Amino acid sequence: MSIPRRLGRLASGFLSTLGEDERVRERLRTGRERSETLRGAFEAALRGAQEELRRAEERRRAEGGGSSGTTSGGGERQSFGNRTSGWASSGTFAPLKYPPNVLSAYDRLGLVPGVPMDEVDRKRRDLVKKFHPDRFSDPDKRARAERVTAEINAAHDAIERHSRRKTR
């Protein structure tokens with residue numbers, strides 16, 4: 001008998017004995033109940049957010065203002081600062097173009113998402129010059145500058161990895 005088959009039989013025997021154990025059954029039941037409760041809470045929060053967004057859109061239209069921001073995707077989107085949110089005006093969820101870690105990296109560098117990579121490089125260079133640890137003689141300021149420089153480099157790396165992933 002092959003090793004994978006033996007392992008499969010061993011695993012199925014282990015699971016069958018676990019299924020007979022009352023503690024395991026109770027644990028699975030409570031876990032299932034928790035997941036159903038969480039799912040209900042998330043669905044209620046989503047419905048509330050959609051309703052709130054719909055009401056805000058209606059108020060804006062009633063006041064005579066158009067949409068506050070549109071994207072090239074064609075659908076209206078609500079704009080907050082220099083980013084557009086992932087909530088379309090129809091009340092359905094539309095995924096963002098960038099993952100959250102990349103958006104926070106753009107924020108850390110003080111850039112708008114989607115700028116060319118050469119501008120990201122230029123901004124990183126300027127910030128590293130400004131916060132380089134060798135510019136500070138006070139140990140506290142130097143430690144802070146090291147931390148900030150590491151954050152700047154990590155943000156640059158996150159943006160660079162994302163841009164490389166998109167081009168593949």
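Just so you know, all these numbers are worked out from the coordinates, no wet-lab data involved. Treat the numbers as computed from the prediction; the structure is a model and nothing was measured. Using ideal geometry, Cβ is built from the backbone for each residue, glycine included, and neighbour counts are taken over all protein chains shown.
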Open item on the list: Spelling out what I want: for every residue of the stretch 137-147, take phi, set θ = phi - 60°, compute 6.51 cos²θ - 1.76 cosθ + 1.60 (Karplus), and round to whole Hz; glycine and proline get x.
Closed with: 9, 5, x, 5, 5, 5, 5, 5, 5, 5, 5
Task: Packing-based exposure ordering (other Cβ within 10 Å, fewest first) of M117, M1 - done: M1, M117
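Tell me, what is the FRET efficiency for A154 and K130 to the nearest 0.05, using R0 = 22 angstrom and their Cβ-Cβ distance as r?
On the way: r = 17 Å, r/R0 = 0.76.
So the FRET efficiency works out to roughly 0.85.
Rank the residues K130, K123 as a footprinting-exposure proxy: fewest other Cβ atoms within 10 Å of their Cβ go first.
Details: K130 12, K123 19.
With the fewest neighbours first, K130, K123 line up as K130, K123.
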TODO: Could you quote the convex hull projected area for the stretch 100-167, Cα atoms only and averaged over all directions, in nm²?
DONE: 4.4
- [ ] Report the FRET efficiency, 1/(1 + (r/R0)^6), for A49 and D138, where r is their Cβ-Cβ distance and R0 is 35 Å, rounded to 0.05.
- [x] 0.15
